[in-house]
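Visitor: One structure, as structure tokens, below. Some questions next.
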Amino acid sequence: MILHFRSLAKVYYFHVLPLDTRIISTLIPKYCFGYFSTSSTSAVEGASNASSDQAKKSVDFRRNQDADVVIAKVLAAKGENEVLQSLLHDSRCNKIQITLSLVNRLLHRFQDDWKSALGVFRWVKTFSDYKPLPELYDKLVDILGKMKQMEKMQALLEEMREDNLVSLNTIAKVMRRFCGAGDWKEAVKTFDELENFGLEKNTESMNILLDTLCKEQKLDSAREIFLELQSHIPPNAYTFNIFIHGWCKIKRVEEAHWTIQEMKGHGFRPCVISYSTIIQFYCSQSKFWRAFEMLDEMAAQGCPPNVVTYTTIMHSLTKSGDFKEALKISERMKLVGCKPDTLFYNALIHTLGRAGMVEEAIYVFRKEMPENNINPNTSTYNSMIAMFCHHRQEQRALEYLKNLENSPYCKPDVQSFYPLLKLYFQAKKIDKCMANLLDDVVNKHHLCLDLATFTLLIHGLCRADKCEWAYELFRSMISQSIEPRYLTCSLLLHEIRQKNMFDAAEVVEDFMKKMKKSS
DNA sequence: CTAGGGTTAG
């Protein structure tokens, strides 16, 4: 259960600075606050020359400001109608040019706040020269469904139907959300009424329904519906793979094997996905001999494993601590000429890191990957950074972080910084380095801290006898609707009581009481 | 519409 504390949030939102800056100004002690970065949020996609880079940055910056103006206005209102009215009557908001990226950003910002999302959507629709794309409707449908606002979601669906905007993608989201809310019958009903939306009941839409049911572990219902529809709608190979995955998900692997037979009975050959799904299951149970048996069976069936199959096995072996076997899988894959990809290399680097083979990991990153034309992504960099931090190599970690920041292919996320922050706590370097790093996270990269990072910081600061700072972080968490763990709260409470911060203690205590009630 | 990351707490 996520707790909302909008009233508390408002306290922070009355300055004129960009929103993200306002949040972080409560995170970092004043003396650490040397500058406000003006760099933009967006990573530059692909390589580009310096001047267009500059132009893009200034456009991005203006759009960020537009978004910030709207966000601040929305946060000051409550309820979808109040949001709409306050935006309509704001002269600055009315001058803003509505663009796809702006609306996307706003809906993303309010993806956990359906009232604001709906209010914003109503507002952008009042601009006569702006027609939201169907994808934006879909996004809103998803937000409403996620927040379990089923009546609102269906009302929007009806609105879309009248304008002929419902696609299979919309229906997929609606069915997933009904199932997620525990109402699988309503999902089936949506499928039954597919023709009302101008869509067809065919193999593709049936597969979406079955996949939805299987992912929610409603295998028996899915099975029943499948048998019922079988005489009207022919299954394809996807249909059976969906069931194989579903059975594995609820750990009934016997049925998964049985589905393979059924598939053959319908004239479909089990493919690499069918087998890899079962292999993934055995790996997750650490029954590696079973996984290897499946590899033999694949060979016998003339269905060679692919990079996904190998990555799955290697990664699971690493998780169970068998680095030697994991690296053998990597060798085996290269031996048979199967081409690696980014996810494979991420897993390999992780394995090498866990095995303490730091230099080998660097070799893979700097030599092997470029030679095979595989670009690193954010996770690749994050694995390298985490590995260096694990081995107390701060300088190398910082070097890779810098490369990540300058990469044309990807940008840092919160996870990129977590290991470094942790290292600073372990090394008791809690002053300047860490404040600078945190400043980068929020002001340079416009990232929001997540639960794990907040927890790390608050625990670390409490231990380091800096609980005023920890308390500010606690308040910031609540203002962002990120619920602290109970342990975090009690740790913080203990510290601030010792410092005689009575008002703060009361705030934390009140919060803990509400936690107990809702759990 | 079908298969593959991690961070984890002291």
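Visitor: When N is the residue count of region A:325-416, what does its C-alpha Rg come to as a fraction of 2.2 N^0.38 Å?
Guide: After normalising by residue count via 2.2 N^0.38 Å, the value is 1.05.
Visitor: Oh, and also: How high is the relative contact order of region A:56-132, given as a whole-number percent (alpha carbon pairs under 8 Å, six or more residues apart)? Each step should come with its number before you reach the end.
Guide: Working: 64 pairs, mean separation 25.5, N = 77.
It comes to 33 percent, rounded to a whole number.
Visitor: A further question follows. Do me a favour and compute the ellipsoid semi-axes for region A:338-479 from its Cα gyration tensor, root of five times each eigenvalue, largest one first, whole Å.
Guide: On the way: eigenvalues 183, 50, 29 Å².
They are 30, 16, 12 Å, listed largest first.
Visitor: Another question, if that's okay. Counting alpha carbon pairs within less than 8 Å and at least 6 residues apart, what relative contact order, in whole percent, applies to chain A? Present the calculation step by step, with values, prior to reporting the outcome.
Guide: Details: 560 pairs, mean separation 71.1, N = 519.
The value is 14 percent.
Visitor: Where the eigenvalues come from the Cα gyration tensor of region A:462-519, what are the semi-axes √(5λ) of the equivalent ellipsoid, largest first, in whole Å?
Guide: Details: eigenvalues 64, 31, 20 Å².
Those come to 18, 12, 10 Å.
Visitor: Another question about this same structure. Heavy-atom accessible area per residue, chain A, 1.4 Å probe: how many Å²? Could the numbers behind the result be given before it?
Guide: Details: 26150 Å² over 519 residues.
The answer is 50 Å² per residue.
Visitor: What net charge do the residues around A:Arg366 carry, taking every other residue with its C-beta under 13 Å from that of A:Arg366, with Lys and Arg at +1 and Asp and Glu at -1? Could the numbers behind the result be given before it?
Guide: Values: positive: A:Lys367, A:Arg396; negative: A:Glu359, A:Glu360, A:Glu368, A:Glu371, A:Glu399.
That works out to -3.
Visitor: Based on alpha-carbon positions alone, could you give the equivalent ellipsoid semi-axes of chain A from the gyration tensor, as √(5λ), descending, whole Å?
Guide: Values: eigenvalues 329, 238, 114 Å².
For chain A, the semi-axes come out at 41, 35, 24 Å.
Visitor: Counting pairs of alpha carbon atoms under 8 Å apart in space and at least six apart in sequence, what relative contact order in percent does region A:216-320 give? Mind showing how you got there, number by number?
Guide: Working: 83 pairs, mean separation 22.9, N = 105.
Answer for region A:216-320 is 22 percent.
Visitor: If A:Thr309, A:Thr126, A:Thr99 are ordered by their accessible area, calculated over protein heavy atoms with a 1.4 Å probe, which sequence runs from highest to lowest?
Guide: Values: A:Thr309 0, A:Thr126 75, A:Thr99 25 Å².
Listed by decreasing accessible area, they come as A:Thr126, A:Thr99, A:Thr309.
Visitor: Now a separate question. Percent of accessible area on region A:131-211 owned by carbon and sulfur, 1.4 Å probe? All intermediate terms of the calculation are to be shown ahead of the outcome.
Guide: Details: 1710 of 3800 Å².
Answer for region A:131-211: carbon and sulfur cover 45 percent of the accessible area.
Visitor: Turning to a different aspect of this structure: What does region A:56-132 give for Rg and for Dmax, in Å, if only its C-alpha atoms count?
Guide: When restricted to Cα atoms, region A:56-132 yields Rg and Dmax of 11.5, 35 Å.
Visitor: Within region A:259-298, what residues put their amide N at less than 20 Å from the label point 7 Å along the Cα-to-Cβ vector of A:Lys319?
Guide: Label zone hits: A:273-295.
Visitor: Mind giving me the nanometre distance, one decimal, between the label points for A:Ser101 and A:Glu195, set 7 Å out from Cα along Cα→Cβ?
Guide: Taking the simple label geometry, A:Ser101 and A:Glu195 are separated by 4.5 nm.
The values are calculated or read from the model by the stated rules, or taken from the named source; none is laboratory data. All values derive from a computational prediction rather than experimental measurement. Neighbour counts run over all protein chains shown; Cβ positions are idealised from the backbone, glycine included. To get the accessible areas, we keep the full protein, side chains included, count just its heavy atoms, and leave off ligands, DNA and RNA. Shrake-Rupley method; radii C 1.70, N 1.55, O 1.52, S 1.80 Å.
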